[in-house]
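Report on the structure given below.
The values are calculated or read from the model by the stated rules, or taken from the named source; none is laboratory data. Worth saying up front: this structure is predicted, and the values here are computed from it rather than measured. Reconstructed Cβ throughout: ideal geometry from the backbone, glycine too, with neighbour counts over all protein chains shown. Surface accessibility is based on the protein's heavy atoms, side chains included, excluding ligands, DNA and RNA. Shrake-Rupley method; radii C 1.70, N 1.55, O 1.52, S 1.80 Å.
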Amino acid sequence: MPDRDPSQGPPLGMTQRTEAWAAGLSRLRQMLLVACAGALAALALAPFNLWPLGPLGIAGLFAAFQIAHSSRHAFWLGWAGGTGYFALALFWIVEPFFVDLARHGWMAPFALIFLSGGLALFWGAAFALARWLGGRRALLWIAAMVAAEFTRSYVLTGFPWALIGYVWSASPMAQIAAFIGPHGLSFLAMVSGVALWGLGTYRLTSVAALVALAALLGSGAYLRVPTAPAPDAPVIRMVQPNAPQHQKWGPPMSSLSLTDSSP
């Protein structure tokens, strides 16, 4: 096997080779791949709770951002990633349509498609903004994505469901939310994905970031609070019977009781 020509520069890392391959795909295939990366990240959420897949999926999203050659291209890649993420993360919203399947079942796919595609606009805007402001800089992308998640939590009364920070929900890292909140967890989630991507380019900063995240993850295990209540703790019971829609808000159809001890 002939030696590598030194004039070609250092050998490409794994992520660089992957990006070069993805950049040669058609736009549709790129969007499908990014949607799969978003869905992979969503597997970290309940009810799947496969939290190690969260950073892997985010690494795929960042790799997609790296191959964007314009703000418009970045927007569509971000939108595709967000659609894949929200479609899997919010699949449970279709369940009410199945209560009366014959009458409302046909609406279920449209509800999921339109909600996922609508929420994905925030991600598309974040990808496009980061690409327009700073090319392919990781910190700008992280900041734009965290800002997008923060914004969708409040715009039009807000929809803070399935925040990217919730990928830590089943991990010890979730305990750190008491100090930095859900948007702080979103920041750590984006950093973890970028750091994983950077490992394939042999960057020491990625190793340092992953070591710091591992330390936070380990510290979260020590922050867990006891789950068993104290023997004299009050018991709160909330009961919502299966009442018809027009009666469910009536006080007689629901109850809230507070007692001093367990039954």
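For Arg29, only one of the following conditions fails: (1) out of contact with any Gly (no Cβ under 9 Å at 6 or more places or on another chain); (2) surrounded by 19 or more Cβ atoms within 10 Å (Cβ to Cβ). What is its number? Arg29 satisfies every listed condition except (2).
Given the criteria over 20 Å from Trp79 (Cβ atoms), buried (at least 21 other Cβ atoms within 10 Å of the Cβ) and either aliphatic (A, V, I, L, M) or touching a residue at least 40 places away in the same chain (Cβ under 8 Å) (or both), does Met173 qualify? Criteria met by Met173. For segment 216-247, a residue qualifies if it is open to solvent by less than 100 Å² (accessible area, probe 1.4 Å), part of a loop (DSSP other than H, G, I, E, B) and modelled with pLDDT of 70 or more, and the qualifying residues are Leu223, Ala228, Ala230, Ala233, Pro234, Ala243, Pro244, Gln247. Flag: Leu56 matches the condition of being in contact (Cβ under 8 Å) with a residue 24 or more places away in the chain and in a helix (DSSP H, G or I). Among the criteria (1) in contact with a Ser or Thr (Cβ under 9 Å, 6 or more places away or on another chain); (2) open to solvent by 10 Å² or more (accessible area, probe 1.4 Å); (3) modelled with pLDDT of 95 or more, the one Met145 does not fulfil is (2). Tally time: how many residues in segment 173-197 are among the β-branched types (Val, Ile, Thr) and more than 15 Å from the chain's Cα centre (by Cα)? Going through segment 173-197 one residue at a time, the tally reaches 2.
Here Gly82 passes the criteria (1) part of a helix (DSSP H, G or I); (2) open to solvent by less than 20 Å² (accessible area, probe 1.4 Å); (3) farther than 21 Å from Ala63 by Cβ except the one numbered (3). Residue pairs whose Cβ atoms lie under 8 Å apart, separated by 6 or more positions or on different chains, with the first residue in segment 125-148 and among the aromatic types (Phe, Trp, Tyr) and the second modelled with pLDDT of 95 or more and open to solvent by 20 Å² or more (accessible area, probe 1.4 Å), are Phe127/Phe75; Phe127/Trp79; Trp132/Ser71.
Residues in segment 59-79 that are in a helix (DSSP H, G or I) and among the hydroxyl-bearing types (Ser, Thr, Tyr): 1 in all.
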